[in-house]
Amino acid sequence: MPPLDKDDANRLGEKVILQEQVKKLFNEKYGEALGLNRPVLVPYKPIWDNPDAVEVTGLPDDIPFQNSNAYDIHRLEKILKA
């Protein structure tokens, strides 16, 4: 893999920050959905194994629910704006 130039490094850093912000948002919303006043780690594997177990609302229509690490930078930004 070739070394990153400064712009690539900045974009990569921005993506990591956005991933963490979306992860935090999802954990906060999951905690709220459980009736708690604190974030709760989203159990992605059980949700993927049984997608009908939870109803996800509030995401833009063209963005499926998944782990924040799976989104590109444009989708991360769109989620945070929604």
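Hey, what's the stretch 8-66 come to in accessible area per residue, 1.4 Å probe, Å²? Please list the in-between numbers first.
Working: 4330 Å² over 59 residues.
Per-residue value: 73 Å².
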What number of lysine-lysine pairs in the chain show an alpha-carbon separation below 26 angstrom, given a sequence spacing of 8 or more or placement on distinct chains?
-> 20
Solvent-accessible area, 1.4 Å probe, carbon plus sulfur percent, for the chain = 53
Residue-averaged 222 nm ellipticity for the chain, from DSSP H runs of 4+ at -39500 (n - 2.57), nearest 500 | -17000 deg cm²/dmol
Added length on full extension, which subtracts the Cα-Cα distance from 0.36 nm per residue, Lys24 to Val56 | 10.0 nm
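The values are calculated or read from the model by the stated rules, or taken from the named source; none is laboratory data. Note that the structure is predicted; figures quoted are calculated from it, not measured. The protein model used for the area step is the full one, side chains on, heavy atoms only, and it has no ligands, DNA or RNA in it. Shrake-Rupley method; radii C 1.70, N 1.55, O 1.52, S 1.80 Å.
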